[in-house]
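Written below as structure tokens is the structure these notes are about.
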Amino acid sequence: MYKVDLSSDLKEVAAIEARRNREKERHCRFFNVQNRVMGMLSGQLHLAMDMQAAQMARLEESCRVAMMSARANVNKAQAAKLAEQQHCEHQRQQEANLTDIQKQISSNLLTENPQDAQHRVLPYCWKGMTPQQQDDIRKAQEAQCREKEAQRQAEQALDNKWASQTVCLAQAALELEEQERELCAEFQRGLGSFNHQLAKDQQAQQNYLNSVIYTNQPTAQYYLQFNTSSR
């Protein structure tokens, strides 16, 4: 039997096992460091994202506050402008009312101005018209008479014009009727002359036919010579 050298094999196996263990430890150390680095990076990333989100929230809040403040300022400005317009309108209305009241107070109606009261006549204290009033009435009457006369003359001229135009139209109608009668008579004379000449021409043509063209009139014997045989 052969003797097997087991000591060298065991040493080699132990060396291989030792190398494997060292490799495992090295891998464990490497992956542990990598995990730690990845964990640190992930934590830093989450921290940066949280800080950015917080900053965005602060910016949004500041923007919202600024917009609310601007809107409030605009509303205040519009309210102030509307109040100013209403105040100006009220003041203008008050001034207009005061002006109207002053005008009414100082008007001739309330002050009873005699010049505006001339048309009012009190029967119990009327002493007749003044010469000026009588003269004004006469002038008004004369003006009315002149106007009436001018109107009458204008109407008379218009009537004369219409009458003259009617006479002219009647004369024109008579002249047209006379011309129509003359034309009808002339037409009748021309038509009679034409018919007479036409009759003479027709008679002359008939005489020519009878005396020149139709001189040899066929007799009954002429017609009997036809269809006397079978040929």
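If all Cα-Cα distances of region 131-204 are sorted into 10 Å bins from 0 onward, what percent lands in each bin, rounded to whole numbers?
Percent of Cα pairs in each bin: 16, 17, 14, 12, 11, 10, 8, 6, 4, 3, 1.
Given R₀ = 41 Å, what would the calculated FRET efficiency be for LEU174 paired with GLN197, taking r from the Cβ atoms and rounding to 0.05?
Plugging the Cβ-Cβ distance into 1/(1 + (r/R0)^6) gives 0.75.
Would you mind getting me the FRET efficiency between LYS161 and GLN132? Use the beta-carbon distance for r and R0 = 45 Å, nearest 0.05. Each step should come with its number before you reach the end.
Values: r = 43 Å, r/R0 = 0.96.
For R0 = 45 Å, the calculated efficiency reads 0.55.
Between ALA53 and ALA143, 0.36 nm times their residue separation minus their Cα-Cα distance comes to what?
Net length gain for the segment: 22.2 nm.
Want the number for ALA18 to GLN217: 0.36 nm per residue separation, take away the alpha-carbon distance, what's left?
54.4 nm
Quick check: convex hull over the Cα atoms of region 10-105, volume per residue in Å³, rounded to an integer?
Dividing the Cα hull volume of region 10-105 by its residues yields 38 Å³.
All of the numbers you see were taken from the coordinates with simple rules; none came from a lab. This is a predicted model, so every value here is computed, not measured. No Cβ is skipped: glycine too gets one built from the backbone with ideal geometry, and neighbour counts run over all protein chains shown.
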